[in-house]
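Notes to accompany the following structure.
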Amino acid sequence: MAIREDVIVIGGGLAGSMAALEAADGDASVRLITHKKSTLRHASGLIDVLGYLDEEEPVADPFAAISELPDDHPYSIAGEAAIRDGLARFDEAVGDTYLGSHTDSNALLPTFGGAVKPTARYPAAAAAGLASDSRDMLIVGFEELTEYNAGMLADHLDAADVPFDVEGVELNFPGEYAHDSRVTRFAKRLDINEDVDHDGQTMGARQALADAVAPHVGDAERVGFPAFLGDDHTADVRADLERELGVDVFEIPMGPPSFPGMRLADQLKDALDDAGVHISAGNPVINYEADGDEIEAVIVDSKGREVPYHAEEFILATGGLVGKGIDSDRDGTVEEPIFDCHIPHSDDRYDWFDEEAFGNQPFAHFGVRIDEGMRPLDADGEPEFANLRAAGGVVGGTDPVTEKSQSGISLTTAAVAGQRARERAAKREVSQ
Amino acid sequence: MSDAQQPSEFDATTAVDEYEPVDVFPSSEDMDLRPGADNCYKCTSCDTSCPVAEVNEDFPGPKFQGPEQWRLKRHEDVDIDDSIMSCSNCMRCDDACPSSVPLSQMHNTARGEYVEEHLDKRSMEYLRNRMLSNYRTLASIGSKVPRLANFVMGLGVTSYLGEKIMGIPSERDVPEFATETFRQWWKKRGGSKVSNPDKQVAYFHGCYSNYNTVEVGKAMVRVFEEFGYEVLVPKQQCSGTPMFANGMLKDARREAEVNVRELGEAIDNGAEVIASCTSCSMALRQEYPELFDIDGVEELSEHTWEALEFLRVHEDIGQAINESEVDPQAFAYHAPCHARNQGLDRQAVELFRDLDGVTIEDVGDSCSGISGTYGWKSEKYETSMKIGAEMFDHMEHAEGDVGMTECPTCAMQMNHGTGYEIRHPLELLERALV
């Protein structure tokens with residue numbers, strides 16, 4: 001068959017993209033197979049490594065805290081060096097559009113709910129919003145955005161005892177909009193600096209926005225906006241607003257649709273392209289062919305037709321329950337649908353959740369268990385296949401949402417899976 | 001249904017009946033889209049992928065047009081919102097949705113219902129849309145007298161009247177008819193030069209390769225013959241793509257019945273169906289089985305391929321490309337939305353970057369904005385050009401000064417926005433391999 005690579009990665013989110021970049025760092029030919037838009041589109045764009053060990057205080061230095069994690073935590077299995085490898089690979093992929101690599105310590109960033117979030121890497125667009133910075137802050141919201149309220153956000157930050165004064169102001173976004181307009185419209189207007197009518201004049205959207213905000217800046221030395229300041233030209237939009245307002249401008253990540261997440265997805269795609277990774281997007285992997293414990297091909301459902309894609313090594317990065325790398329059913333099934341890898345779970349679905357909404361939820365731990373080579377393990381603790389590795393949300397054994405470790409686990413498992421797949425594919429080539 | 005505790009007055013028999021598909025849809029001709037609507041968890045991926053919503057403030061977006069409108073329609077006396085006519089049927093929402101909600105199927109059925117029940121059949125809008133949808137009929141007349149037709153269409157007065165009476169934007173240049181159609185050429189050539197009962201492909205050329213860009217059809221034939229395939233050219237009608245987009249589902253069904261029958265015969269004799277236009281292959285593969293209950297429709301879907309896709313899977317085309325060379329040329333490649341939906345958006349770039357002499361750059365994942373007949377309507381022209389602006393910009397920044405795409409109307413838009421000459425991947429493949 002004509003479609004053959006050294007390494008095939010299944011899944012095009014953060015873990016899949018990073019695993020493919022890692023695997024492609026050498027001579028290996030790598031193909032990424034991705035079905036639909038990934039969960040990066042809903043992600044904050046912040047890269048958390050470890051934010052909380054318990055509910056109380058945020059973790060100051062994730063690396064110092066790793067030793068406190070249980071032995072079966074993905075970080076404990078992969079090791080500290082792997083976490084650093086994963087972050088280094090990420091830093092290389094995104095260049096200066098992300099900050100935070102200068103220190104092991106977590107940065108604290110405001111969220112759109114007004115909480116302060118510990119994170120390891122953050123977009124340059126969010127940098128001026130650091131909560132550890134003592135400069136006074138103005139938060140701008142828009143009447144057109146129902147899910148984001150600047151006054152509430154400012155009050156919450158204030159209640160969190162941030163070391164600066166913070167005010168919130170709700171404005172109308174310049175131009176005419178429907179009551180429930182989408183953030184993509186605002187972003188596009190700013191991105192192309194489309195003309196809008198403002199104060200009886202026609203002017204570029206960036207100028208109009210700056211004019212609307214300027215009277216409210218007061219003593220603030222930095223101004224925060226919901227994260228829709230442009231899409232492809234976000235640095236230009238921010239620079240124009242900063243020039244007009246005379247203060248630093250930053251973005252606060254929002255719920256879906258999330259521009260920081262979408263921009264990261266675009267950047268990763270460019271990095272994959274630059275690295276020569278082949279990408280097949282739009283069709284799902286539904287099955288595989290194996291010879292004993294070696295997978296020989298995965299089967300792609302190409303609009304009803306089954307096309308095999310052959311490789312030496314395979315990486316499963318299809319995500320968790322939200323990303324649909326793990327499926328559950330009311331009959332008590334919890335499964336990994338492509339390779340049917342073992343996922344520890346109770347057969348009684350009433351055991352899957354805790355009655356406390358923010359309690360220790362068993363379902364949050366769903367996922368494959370892995371060995372030190374990131375290979376999914378069967379019920380007896382043996383690798384399911386010799387040449388299948390897992391990365392990202394499909395890996396279980398901890399609750400990444402509660403401990404704020406989702407992106408870090410993705411980067412770490414992707415780094416190990418990508419390295420091992422690359423090395424093993426190279427070895428096989430020599431021996432053949 | 002949710003497994004939450006039911007209220008005490010809950011009567012299982014009536015409540016269950018209420019949601020039975022047979023009850024919701026009295027006629028088996030309709031499809032039950034309920035499971036699809038229920039899969040939507042409002043993640044907004046479709047809305048953020050919609051090129052129309054991004055530039056058009058009044059367009060409520062695919063999430064509304066799909067699952068929300070579908071639900072609204074169930075229990076209340078609500079008509080289809082007229083904004084469904086602003087959907088361009090680019091189908092990007094299908095490609096975006098992580099829950100596999102059949103968005104374009106919902107849009108197509110809603111549009112069909114709107115046109116059937118609410119659009120005045122004597123209105124100029126209906127007549128124009130009907131004419132645009134049935135391009136094949138128009139083209140078959142025009143190509144009988146191609147030079148005269150080209151001359152008349154090129155006249156300023158034609159363009160003026162087109163705009164004033166029909167609502168065809170005068171900015172657009174009507175495509176020229178070839179002086180010899182693909183089928184005329186095929187007949188004169190005496191059919192396939194290769195005879196091979198074990199390797200047969202049936203070519204679905206579609207309207208545009210037949211009446212306008214005949215060189216694409218010729219390239220398809222020569223490339224496949226180079227790989228030892230016997231090419232068949234069965235009788236065929238329009239794929240239906242422009243009809244779906246205009247809610248003319250009866251016209252589309254009429255054409256589909258012929259295509260399913262004729263191509264089905266070829267499939268029964270062992271041939272695979274090849275299309276060179278990605279919207280044609282999209283229609284045969286996805287829209288036919290989603291919309292029509294015709295004998296053999298599933299079989300046609302499973303046996304239809306886009307030309308390059310077929311060669312990638314069945315032949316070592318990578319090797320053939322590696323060993324070839326062409327005159328130096330840089331291309332700015334645009335992946336049509338409908339290619340994206342079939343998982344084909346990367347194949348031309350990834351294949352041709354290994355071809356000596358060729359530089360090829362993907363000009364990004366924006367939509368060209370023309371979406372078949374959409375950009376051919378005066379009231380949609382501005383939206384169409386706003387959507388296309390990003391692609392034009394990326395094309396102008398790309399190294400190549402020749403464009404490349406699989407879709408004939410994307411090619412029109414690319415040429416319209418940049419003035420570049422636009423080629424089909426098969427034409428480059430022909431130059432490299434034949």
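Rule-based calculations on the coordinates, nothing more; no lab input. Values in this document were obtained by computation on a predicted structure and should not be read as measured data. Cβ coordinates were reconstructed from backbone atoms using ideal geometry, including for glycine residues, and neighbour counts include every protein chain displayed.
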Using only the Cα atoms of region B:52-184, each taken as one equal point scatterer with no solvent, compute I(q) by the Debye sum, divide by I(0), and report log10 of the ratio at q = 0.11, 0.17 Å⁻¹.
-> -0.57, -1.01
With label points set 7 Å from each Cα along the Cα-to-Cβ direction at residue B:389 and residue A:102, the distance between them in nm comes to 3.7 nm
Binned at 20 Å starting from 0, the alpha-carbon pair-distance distribution of the protein assembly as shown in whole percents comes out as 14, 45, 35, 6, 0
What's the extension gain from residue B:176 to residue B:34 if we count 0.36 nm per residue and subtract their Cα-Cα distance?
-> 46.7 nm
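Please rank A:96, A:240, fewest neighbouring Cβ atoms within 10 Å first, as an exposure proxy.
Numbers: A:96 8, A:240 22.
By the 10 Å Cβ count, ascending: A:96, A:240.
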quick note, region A:112-252, DSSP beta bridge pairs, % antiparallel (nearest 5) is 20 percent
3J(HN,Hα) from dihedral phi, region A:282-294, Karplus parametrisation 6.51/-1.76/1.60, rounded to Hz, x for glycine, proline | x, 10, x, 7, 10, 6, 8, 10, 9, 10, x, 9, 10
In order over region A:26-39: 3J(HN,Hα) from phi, Karplus 6.51/-1.76/1.60, θ = phi - 60°, whole Hz, x for each Gly or Pro, gives x, 8, 5, 8, 10, 10, 9, 10, 10, 8, 10, 4, 7, 5
Residue farthest toward the positive end of the dipole of the protein assembly as shown, with Cβ of Lys/Arg at +1 and Asp/Glu at -1: which of B:207, A:150, A:280?
-> B:207
Rounded to one decimal in nm, the spacing of the 7 Å Cα→Cβ label points at residue A:355 and residue B:316 is 6.7 nm
Looking at region B:36-79, which GluC sites (Glu not before Pro) are DSSP coil and have at most 11 other C-beta atoms within 10 Å of their C-beta?
-> B:76
Could you work out which residue, out of A:315, A:409, A:192, moves most in a Gaussian network model of chain A, that is, has the largest mean-square fluctuation with Cα springs under 10 Å?
-> A:192
Approximate shape of chain A as ellipsoid semi-axes (Cα gyration tensor, √5λ), whole Å, largest first = 41, 24, 20
Structure shown: which of B:42/B:386; A:188/A:269; A:324/B:63; B:218/B:386; A:117/B:42; B:63/B:380 lie over 23 Å apart, alpha-carbon to alpha-carbon?
-> B:42/B:386; B:218/B:386; A:117/B:42
Cys in the protein assembly as shown lacking any partner Cβ under 4.7 Å -> A:341, B:40, B:43, B:50, B:87, B:97, B:207, B:238, B:367
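Determine, for A:343, A:326, B:294, the number of other Cβ atoms within 10 Å of each Cβ, and report the residues in order from fewest to most. All intermediate terms of the calculation are to be shown ahead of the outcome.
Working: A:343 21, A:326 24, B:294 17.
Lowest count first: B:294, A:343, A:326.
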Per residue, the convex hull enclosing the alpha carbons of region A:1-115 has a volume in Å³ of 157 Å³
B:303, A:42 arranged by Cβ crowding within 10 Å, fewest neighbours leading = A:42, B:303
